[in-house]
Amino acid sequence: MRAFDYVDATSVEDATTFLQDEADSALIAGGTELLVLMKNKVINPRLLINVKSIDGLHRIRADGEGSLTIGSVATIAELGSDEVVQRSFPILADAIRVAASPQLRNMATVGGNLCQKPRCWYYRGSFDCFLKGARGCHALNGQNRGSGIFGRSECYAVNPSDLAPPLVALGASVVIQSPQGRKQISLADFFTLPRGELLNQTILGRDEMVVEVRIPKQPHRSRGVFLKAMERKTWSFAQASVAMQLSRSDDRIEDVRIVLGAIAPIPWRATAAEDALRARALTRQLIEVASAAAVEGAHPSGDNRYKVTLVRELVKRGLSALLNT
Amino acid sequence: MAYIRKIGFVLNDSPFSLGVEPNKTLLSVLREDVGLTSAKDGCGHGDCGSCTVLIDGEPVKSCLVQVGKVEGKRVTTIEGIGTLGDPHPIQQAFVDVGAVQCGFCTPAMILTAKALLDKNPTPTRDEVASAISGNLCRCTGYKKIVDAVLHAAVLVKGAPRKESHAQDSTVVGKSVPRLGAMEKAVGIAKYGADLSMPGMLHLKVLRSPHHHAEIASIDTSEAEKAPGVVAIFTAKDIPGQNGFGIFDKDEPVLADGKVRRMGEAVALVAADTVKAARRAVGKIRVEYRPLEAVFDVSTALREDAPRIRPQGNVCFTRRVVRGDVEKGFAQADVVVENTYNTPLGEHAYLEPDAGIAYIDEEDRVVVHACSQSIHFDTREIAAILGLDVAKVRFIQATTGGGFGGKIVNVGFSGLLALAAHKLRRPVKLVTTRDEVFLTTVKRHPFEMRYKTGATKEGKIVACEVRILSAKGPYTVYANGVMTRAATQAVGPYDCPNVKIEATAVFTNGPTCGAMRGFGSPQVTFAMESQMDQIAARLGIDPLELRMRNAMAPGSRVATGQVLQAPVPFRDTLLAVREHYQEALAWAQQESGEHVRRGVGLGSMLFGIGKTSLNNRSQATISLLQNGRVLVLCGASDVGQGSDTVLAQIAAAELGVPYNSVDINSTDTAIAPDADYTCASRQTYYSGNAVRTAARALKEKILSASSELLGRSSESLIIDRGHIVVKGSADKAMPLGELARICAKEGIPLAADGSYERATTRLDENGQGDPYPVYVFGTHLAMVEVNTKSGDVQVKHIVCTHDVGKAVYPVGLEGQIEGGVAMGIGFALTEEYVPDKTRNLRDYRILRSTEMPEITTIFVEIPEPQGPQGAKGAGESSSLPTAAAIVNAIANATGARVLELPATPKRVLLATRNNGR
Ligand SMILES: Cc1cc2nc3c(=O)[nH]c(=O)nc-3n(C[C@H](O)[C@H](O)[C@H](O)COP(=O)(O)OP(=O)(O)OC[C@H]3O[C@@H](n4cnc5c(N)ncnc54)[C@H](O)[C@@H]3O)c2cc1C
Ligand code: FES
Ligand code: FES
C-alpha cells in the first residue's frame, strides 16, 4: 500500500470538509473493503478519514412507532443482533446472517457495505476497465459467471451488497451530507447504473458521505423473505439473492416489493413481478406467473445464464414461503 | 520517508502506545512493531481468519484493520489469555482433545472460541461451527476443534480435565498430549515468518509474467540504485549447480536464459526492508522474447509441438503389465470403459512458505524455515552453493502444514540460502498467499482411460488403464507420482490381467509435484467408479462386489508382488457393513423436494514408503544425566504428529514416562537423516528406527545397571523411569542417577538405530516389490443431491482404516478427519485454474460449517514388522472419500460424474445425460 495518513473525524461536517479539501482522500469506516482495494492497488488515497470516531454515528435508534434509524458506522454485527431488526425487519437480519464472515461482520459497517465496490475480477485485478476510467468491459466476452443479467450499461459488474436488497425492499432511505448540506433520498435512488462520466454504482458525490439509513414502519401484516444463492454453504458473495416484502389485506396483495441482488449493477426491482402480484390473492398459479415475470427482459451474456433460472427459482421459493403466512 | 503517528490502545490488559506508520494494518503492527507473532498472516485478504484478534472482546480479522482503528480500544491476542505455565481452559481443551495439528490456525481459533464462550457459555455444535466459520483450518477437518470448544465450555465451569497419560510409559494406543501443541496454543511456537535476527535483510523475488519465453536481457542497474537495496541476484550468481529435484536436477533456482512457466523466479532482491525490496523488484527490467506455450497433453505430444525441454515433451512413463489383458477381456461378461478427469490441486497449507537464513558460528549456511525434508534440502542447497554438505544446515521451523507441498521446496529455501551465502548476513523471505498459489507445486491433473472387464459372477478379470498428466515444465516428483498411480491403479482388488501405462508430459502450466497420495487419489476415484458401474451392470451389491474381489494374503498386486498376511482389506469392508445397511435404509426415507439421497463406497490400498526407493530412517536415543531421554531423528513433523508418535514408541520401548522424552527432529546438525515426511512413511520407517535405537539403549542401560547393582541384567527391568528388580516393588535406581554414574565412568548411554526394508526396482513391465507393506481402507458416503440445482450435500462419512496399531489414536483420528475434509474438497469444490485461482477465496477448501459428520473406525491388526504393530496413515484417509461421494451421487440420481470436482454444473449435466 502507498504511504498515507489518517485523521479521526469528529463530526460529519468535519469528515465532509476533509473530503472536500483533500482531493486524494477516502472515508474509512470498518476498512474491510477499503484496505482490500488499497492492497490490490485499485485505489491509492493519500488521506484516510476515519468516520468511526464520529460521536453517536454508530447508534441504532427505534422511535417506538415502528421505524428505525441506523447510524452509518453501526457494524453489521450490531445491526444483525438489534432486537427491533430481528422482530420487525427479519429479512435484514436474515441477510446479515449470511453476509461475510463473523469476524468481518464485527468490523464492517452499514455505510461501508452500501458503498462497497463491485467484486468483478477485472476491476479488482490489474486490468483497465470502465470503472477505472477506460473504455469497455472485459466481462462481456471474458470471465462473466458473476456478471449481471439486468441493467446492462457500460459495465457488467453486479452490486455485491447483501444489505442493499432487503433495505430497498423495506423502503429504506439514506441521509447524505456534504459541506453544502444534508439530503434524504430513497435508497433505491441512491444506487445508479454506471454510465458516461459516472464510474460508480451510487450517486454519492466526491465530498458526500452517508450519515444514516432509515427504515420506515412496515404496513400491518407485512411479511418478508430473504434468500441468497451462494456457491458455498457459508459466507460467500451472492450468485443471486432476492428480498421481498409484501403486505395483504383481505388476502389481496396490497403492497409488494421484490428486489433482486447480485444480478445487476444496482439492487434490481422486479417490477413486472410486482405488477403481476399487486391486488391479487397469492396462489400457486400466481407464483408461477410472477416468478416468470421476474426474469422478463433478462439478458445473460454467456456463463451467467444460470442466473436466470436461479432468480426465477429464488422468487418462486420466496413467494411460496409467504403463501401460508 | 516513513511518516510516524502515535497511537495508544490497551493490549492484553496493559496500556500501550507506540509510533507507527499509519498505513499499516493492525496485524503488521502487532507482528513487526510490537513483536507479538501469534496472530498469523495466512492470506492478508480476509479469507483465512488466521490473523484474528479481539477488539473490545469481538473477533476481527486484523489483516483488514487499519491500525488507527484501535485507538483507545482493548486489543487481545492469544498472549493475553493464557501462558505455557498457566493456560486458559480453552487452550487446555484444544491440547487435550487433539485439536492442534500444524497449529497455524490455532491461536485465531482459540480467540474466536473465547469470544463465543464469553457470550454464549453453552453453545451447540452448530453454533460453534458457525462462530468459527470465518477461520480456515486445512489439517483437522474441524471436528476436533468443535469438540475442543465444547469441552472448553465445561472446563471453564470447572469440570475436570481429560486424563492425559503424560506420566505413563505404556502410552502406545493412548491419547497423550501432542508434543508442541501447547506452545502452538499459547502462540509461542515460531513459524518461518515469526523468526528474525538483528541486521537481517529482506528478500523479494521477481517472477516471470510469461508462460514460456526466452530472457533476452536483465537490467538491474536502476533497481540497484533504489534506496535500501543491498544486492540483486540472477542465475549467473549461483556458485554451484543451478538445478534441483528428486529424480532430475532440472528445476532452476533462478531462471537461466529461459522461463518455462508463469511465476518462475528470475531475480532475487535483498534490501533493508520488505518495502524497499518490493519496490526494487518493480525496477528490474527484463526483456523477454515470448515463445509459444503449451498447456494440454495432446498439444504437447504433437510432433510439431514447441519443445519445452531439449529431450522432448515426454517426462516419464511407467508401464505395469501382468497377465494378458486381451485374454482377460475375452473371458469378461461385462466391460466398462470410461475416461475420467481430475483437476490441478493446491495444497493450500495455511502457512505461506517463510523463513530466514544466516551463517552460524561454525561457518555453516543455515536455513531456518518450513520444510518436510530437511536432510534432502540440505544436500540440494549444498550443490546449489557449491559447498560441502557439512557446510549447510537446515533447521525446520514450526511448519504450518505441508501435504507434500513442502517436500524439496528448494525453489524457496534455495533462494534464502543463496542470499545468506553471498551476503554473509541474515536474510528473510516470506512469501505471500498469491505467490504460494502462483509458484508452488500442484497436484497432477489426470486424464484416465479405464477399461475394466468382469465375469458375470463379479470377478474382475482384466483392467487396462492409460493415464496422461500435464505436469508443467519440470520433473519434480513425476516418476514417483506416475509409478504410484500405475501400481495402485486397480486398487485393492486381485486382478490377474492388467496393462497400465502412466505418462507425465511437460507443459508450460504449473509445475506438479507431490500432494497427499502421490497420484493415488486420482486413480482411486477412477477405479472405484468403475467398480460401482460393474456392480450396477451385473446387479451385484457394490459392497458384495468389493468382497468378491478383495485382496487377501497371497494375492498379487499389479506389480506381481505377493501380499503377506495380514491383509486387512476385507476387515475394513466388514467394519463398514452395518453402517452401510443403515445408510441404505436412510436413503430410502423421505427427503426434501428435488432432493435425492444416495450412499456410496470407496476403497483403497496404499503402499507405505517411497516407491522402490531407498527409505532409510535413522535415530539416536540417549539417556541424559537429568534422567530425561532425548530422541534425535530428522523426521519432520509438519503437523501430522510424528514427534508425538516417535516419543510414544521410545517411551514404551524403554519403559520411561512419556513426559520424560524429548525429541529433536528439526536440525540437520543434530538429528540424523530420517528421509522426507511423505508417503505416510514416518510412523513405519522412523518408528522402526526409534524402536531399534530404544531397544539397543535399553540393553545398554540394563547391562550398565547390572554391573552396578551386581545382578544379572535379565533380572532387571525399567519401570517408569527407574531400574527395578523384577518381581520386587522396590525401585533400585532412578535412571538419572545411572546416567550420572555412567558419565563419570565414561560409559555412553546412547544408541543408534536405523531401519530400511528391501524393496525392488520395477522392471520394464513394472514388475517387482515396490513397497514393504500396504494399508487398506473403505469409506462410506451419505449424500443428498438437489436434482434441480445439482448441489451435493455430504451428510456423513464413515471411514474404516487398516492402521496396524493406532499408536496415537486422537492424532490418527485427526489425520483421518483432515484427510476426509481434503477428500471432500477434491470431490466437490477444489480446482486450481491457472491465471484464475489466486487465493483462498477462489480455491475453495472446506469451512467448518461445510463438514459432514465423520465416524472413524480403526481396524487394528498388528503389522508384524511395524513398530508396536503400526503402519502409517498420513495419506490413506484422503484417497477413497471422493470415490465414495461420486458413487453416492450416482446411487442417488443415476448420474455418473466422470470429472472432478463434481460441481453443481457437472452434476446437472451428468443427470441430464444419464440420470434417472
Ligand atoms: C472476505 C470478504 C467477504 C465478504 N463477503 C460479503 C458478503 O457475503 N456480503 C456482503 O454484503 N459483503 C461482503 N463483504 C464486504 C463487506 O461487507 C464490506 O467490506 C463491508 O461491509 C464494508 O464495510 P466497512 O465499514 O469495512 O467499509 P470500508 O472498507 O471502511 O469502506 C468501504 C467503502 O465505502 C466508503 N464508505 C465507508 N463508509 C462510508 C460512509 N459512511 N459514507 C460514504 N462512504 C463510505 C469507503 O470510502 C470505501 O470506499 C466481504 C468482504 C470480505 C473482505
Ligand atoms: S490473514 Fe487475515 S484473514 Fe487471512
Ligand atoms: S491445524 Fe489448522 S491449519 Fe493446521
Original post:
Which listed residue (B:G634, B:L738, B:L646) has the Cα farthest towards the positive end of the charge dipole for region B:617-755, taking +1 on Lys and Arg C-beta and -1 on Asp and Glu C-beta about the Cα centre?
Top reply: B:L738
Original post:
What number, in percent, do you get for the relative contact order of chain B if the mean sequence gap of Cα pairs under 8 Å and at least 6 apart is divided by its residue count?
Top reply: 14
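Using alpha-carbon pairs under 8 Å, 6+ residues apart, how would you state the relative contact order of chain A in percent?
Details: 723 pairs, mean separation 54.4, N = 325.
In percent, rounded to a whole number, it is 17.
Rounded if a/c is under 1.5, else prolate if a/b beats b/c, else oblate: with a ≥ b ≥ c from the C-alpha gyration tensor eigenvalues square-rooted, which is chain A? All intermediate terms of the calculation are to be shown ahead of the outcome.
On the way: a/c = 1.99, a/b = 1.29, b/c = 1.55.
The shape class here is oblate.
Once you have a ≥ b ≥ c as the square roots of the Cα gyration tensor eigenvalues for region B:11-135, tell me rounded if a/c is under 1.5, and otherwise prolate or oblate according to whether a/b is larger than b/c.
Numbers: a/c = 1.69, a/b = 1.55, b/c = 1.09.
Prolate.
Percent of accessible area on region B:83-138 owned by carbon and sulfur, 1.4 Å probe?
Values: 880 of 1690 Å².
Here carbon and sulfur together make up 52 percent of the probe-accessible area.
With a 1.4 Å probe on protein heavy atoms only, work out how much accessible surface B and A bury together, total over both chains, in Å² to the nearest 100.
Working: alone 32250 and 14890 Å², together 43680 Å².
Adding both sides of the contact gives about 3500 Å².
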Subject >> log₁₀ of I(q)/I(0) at q = 0.13, 0.17 Å⁻¹ - region A:222-322, Debye sum with one point per alpha carbon >> reply: -0.42, -0.70
Original post:
What chymotrypsin sites (Phe, Trp or Tyr not before Pro) does region B:527-605 have in DSSP loop regions with at most 14 other beta carbons within 10 Å?
Top reply: none
Original post:
Okay, helix-only estimate at 222 nm for chain B: each DSSP H run of n ≥ 4 adds -39500 (n - 2.57), divide by all residues, round to 500 deg cm²/dmol; what do you get?
Top reply: -8500 deg cm²/dmol
**OP:** Pairs of Cα atoms under 8 Å, at least six residues apart: use those to get the relative contact order of region B:617-755, whole percent.
**Re:** 35
Original post:
If r is the Cβ-Cβ distance from B:R537 to B:A585 and R0 is 22 Å, what FRET efficiency results, to the nearest 0.05?
Top reply: 0.35
Subject >> Residues in region B:874-893 that a label on B:N913 would reach, taking backbone N under 14 Å of a point 7 Å out along Cα→Cβ >> reply: B:890
**OP:** Go through region B:846-862 and flag every residue whose accessible area shrinks by 40 Å² or more with all protein chains in place compared to the isolated chain (probe 1.4 Å).
**Re:** B:R847, B:T849, B:E850
Original post:
Placing +1 at every Lys and Arg Cβ and -1 at every Asp and Glu Cβ, with all other atoms neutral, what dipole size does the protein assembly as shown have around its Cα centre, in debye to the nearest 20?
Top reply: 1460
Original post:
Applying 1/(1 + (r/R0)^6) with R0 = 22 Å to the Cβ-Cβ distance of B:K236 and B:T273, what FRET efficiency is obtained, to the nearest 0.05?
Top reply: 0.30
Subject >> Helix axis angle, A:12-21 relative to chain A longest principal axis, alpha carbon, degrees >> reply: 60
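Under a Cβ-only charge scheme (Lys and Arg +1, Asp and Glu -1), can you give me the dipole magnitude of region A:222-322 about the Cα centre, in debye to the nearest 20? Walk me through the numbers on the way to the answer.
Values: 16 positive and 11 negative charges, 59 e Å.
Roughly 280 debye for region A:222-322.
Considering only protein heavy atoms and a 1.4 Å probe, what is the carbon-and-sulfur percentage of the accessible area of region B:617-755? Write down the numbers at each step before the final one.
On the way: 2370 of 4980 Å².
Ligands and nucleic acids excluded, carbon and sulfur reach 48 percent.
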**OP:** Pop a pseudo-label 7 angstrom from the Cα along the beta-carbon direction at both B:R711 and B:D126 and give the gap in nm to one decimal.
**Re:** 6.2
**OP:** Please give the residues from region B:40-63 for which the solvent-accessible area of heavy atoms, probe 1.4 Å, is smaller by at least 50 Å² with all protein chains in place than with the chain isolated.
**Re:** B:H45, B:K61
Subject >> Counting DSSP beta bridges with both ends in chain B, the antiparallel % (nearest 5) >> reply: 75
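Note the full-extension length gain between B:D667 and B:V833 as 0.36 nm times their separation in residues minus their Cα-Cα distance, in nm to one decimal.
Details: separation 166, 0.36 × 166 = 59.76 nm, distance 3.67 nm.
Residue separation times 0.36 nm, minus the Cα-Cα distance, leaves 56.1 nm.
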**OP:** Out of all DSSP beta bridges with both ends in region B:617-755, state the antiparallel percent to the nearest 5.
**Re:** 75
**OP:** Tally up the carbon and sulfur contribution to the accessible surface of chain A as a whole percent, 1.4 Å probe, everything protein left in place.
**Re:** 47
Subject >> Sparsely packed GluC sites (Glu not before Pro) within region A:183-283, loop by DSSP, other Cβ within 10 Å at most 11 >> reply: A:E197
**OP:** With 10 Å bins from zero, work out the P(r) of region B:617-755 over every alpha carbon pair and list the percent per bin.
**Re:** 14, 44, 29, 12, 2
Original post:
What accessible area per residue, rounded to a whole number of Å², is obtained for the protein assembly as shown using a probe radius of 1.4 Å?
Top reply: 35
**OP:** In nm, give the distance between the simple-model label positions of A:Q20 and A:A134, each being 7 Å from the Cα along the Cα-to-Cβ direction.
**Re:** 3.6
Original post:
By what distance, in whole Å, do the Cα atoms of region B:803-859 stretch along each of the three principal axes, largest value first?
Top reply: 44, 21, 16
Subject >> Spatial separation of Cα centroids for region B:526-568 and region B:40-65, in angstrom >> reply: 48
Original post:
aspartates and glutamates within cross-link reach of B:K162: Cα-Cα under 12 Å, excluding same-chain residues under 8 positions apart?
Top reply: B:D96
Original post:
Roughly how many whole Å is it from the C-alpha centroid of region B:409-462 to that of region B:259-331?
Top reply: 12
Subject >> Residue (of B:V430, B:S28, A:L140) at the positive-pole extreme of the protein assembly as shown, dipole from beta-carbon charges >> reply: A:L140
Original post:
Between B:L301 and A:A292, how many nm apart are label points set 7 Å from Cα along the C-beta direction?
Top reply: 5.0
Subject >> Reciprocal of mean inverse Cα separation for the protein assembly as shown (Kirkwood radius, Å) >> reply: 32.2
**OP:** Give, ordered by residue number, each residue of region A:228-277 whose 1.4 Å probe accessible area is reduced by a minimum of 50 Å² on adding the remaining protein chains to the chain alone.
**Re:** A:R232, A:K233, A:T234, A:W235
Original post:
Roughly how big is region B:635-755's charge dipole about its Cα centre, with Cβ charges of +1 (Lys, Arg) and -1 (Asp, Glu), in debye to the nearest 20?
Top reply: 360
Original post:
Under a straight-distance cross-link criterion of Cα-Cα below 19 Å, which lysines are reachable from B:K456, leaving out those fewer than 8 residues away in the same chain?
Top reply: B:K327
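Report the calculated FRET efficiency for B:D842 and B:D363 (r = Cβ-Cβ distance, R0 = 45 Å), to the nearest 0.05. Write out the running numbers ahead of the final one.
On the way: r = 45 Å, r/R0 = 1.00.
FRET efficiency, B:D842 to B:D363: 0.50.
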Original post:
When the helices in chain A are scored as -39500 (n - 2.57) per DSSP H run of 4 or longer and the sum is shared across all residues, what 222 nm value do you end up with, to the nearest 500 deg cm²/dmol?
Top reply: -7500 deg cm²/dmol
Subject >> Estimated vicinal HN-Hα couplings, Hz - region B:227-239 in sequence order (Karplus 6.51, -1.76, 1.60; Gly, Pro = x) >> reply: x, x, 7, 9, 7, 10, 10, 10, 3, 5, 8, 7, x
Original post:
Pairs B:K24/B:K258; B:K204/B:K391; A:K132/B:K788: which are spaced more than 32 Å apart, C-alpha to C-alpha?
Top reply: B:K24/B:K258; A:K132/B:K788
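Classify chain B as rounded, prolate or oblate from the Cα gyration tensor: take a ≥ b ≥ c as the square roots of its eigenvalues, call it rounded if a/c is under 1.5, otherwise prolate when a/b beats b/c and oblate if not. Present the calculation step by step, with values, prior to reporting the outcome.
Working: a/c = 1.30, a/b = 1.09, b/c = 1.19.
In terms of gyration-tensor shape, rounded.
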**OP:** Kindly work out what percent of the DSSP beta bridges joining two residues of the protein assembly as shown are antiparallel, to the nearest 5.
**Re:** 80
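The values are calculated or read from the model by the stated rules, or taken from the named source; none is laboratory data. All of these numbers come straight from a predicted model, not from anything done at the bench. Every residue, glycine among them, receives a Cβ derived from its backbone with ideal geometry; neighbour counts consider all protein chains shown. For the accessible areas, the whole protein counts, side chains as well, though only heavy atoms, and no ligand, DNA or RNA atoms are used. Shrake-Rupley method; radii C 1.70, N 1.55, O 1.52, S 1.80 Å.
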